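Just dropping this structure here.
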Amino acid sequence: MPSHDTPTDSPRPTETPTAAPGTATPGVPPARLDEQQLLRELETIHRTRHDTLLHGSTDALATHNARMAELEGEYLRRHPRRWVASGRTRSGARARTG
């Protein structure tokens, strides 16, 4: 089994896609996405996060970080009062650990 530092045989892109106007990353600016598109983009970026961290170039990771921050920021802007699970708060975590 290869280590995480072992290069893979898969090709790496050599060009960085161009960022859309008004955004620091490639893709549609998050504010222009409808709700379904935003959620789909968030699901995709979260699903690909681990592989990008382990095997992406420095530029790919930086682009991934920036795009994820843009998408998550837009979600939080739209849903400032979203439901938060009690187990995801500090007091909830302390209650779990005793």
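Starting from residues that are of a type in the set (A, V, I, L, M) and at pLDDT below 95, keep the ones in the range 61-98 and report whichever is nearest to D34 (Cα to Cα).
First, pick out the residues of the range 61-98 that are of a type in the set (A, V, I, L, M): 61-62, 66, 68-69, 71, 76, 84-85, 93, 95.
From what's left, at pLDDT below 95: 84-85, 93, 95.
Values: V84: 22, A85: 25, A93: 34, A95: 38 Å.
So, considering only residues that are of a type in the set (A, V, I, L, M) and at pLDDT below 95, the one nearest to D34 (Cα to Cα) is V84.
Let me ask you something else. Residues in the range 28-47 that are over 18 Å from R78 (Cα atoms) and either of a type in the set (A, V, I, L, M) or modelled with pLDDT under 90 (or both): how many?
So the count comes out to 1.
Turning to a different aspect of this structure: What number of residues within the range 48-67 satisfy the criterion of being closer than 16 Å to P26 by Cα and acidic (D, E)?
The qualifying residues number 1.
Name the one entry in R90, R77, R94 that is under 17 Å from E41 (Cα atoms) and either out of contact with any strand residue (DSSP E or B) (no Cβ under 8 Å at 6 or more places or on another chain) or hydrophobic (A, V, I, L, M, F, W, C) (or both).
On inspection, the qualifying residue turns out to be R77.
Quick one: count up the residues across the range 73-96 that are assigned to a helix (DSSP H, G or I) and of a type in the set (A, V, I, L, M, F, W, C).
Result for the range 73-96: 3.
Within the range 21-59, track down each residue that is crowded, with 16+ Cβ neighbours inside 10 Å and either assigned to a helix (DSSP H, G or I) or at negative phi (or both).
If we filter the range 21-59 for residues that are crowded, with 16+ Cβ neighbours inside 10 Å, which is where we start, we get 23, 25, 27, 30, 33, 38, 41-42, 45, 52, 55-56.
Of everything in the range 21-59, those that are crowded, with 16+ Cβ neighbours inside 10 Å and either assigned to a helix (DSSP H, G or I) or at negative phi (or both) turn out to be T23, T25, P30, L33, L38, E41, L42, I45, T52, H55, G56.
The values are calculated or read from the model by the stated rules, or taken from the named source; none is laboratory data. Just so you know, these numbers come straight off a predicted model, no measurement behind them. Counting neighbours? That spans all protein chains shown, and the Cβs are built from the backbone with ideal geometry, glycine included.
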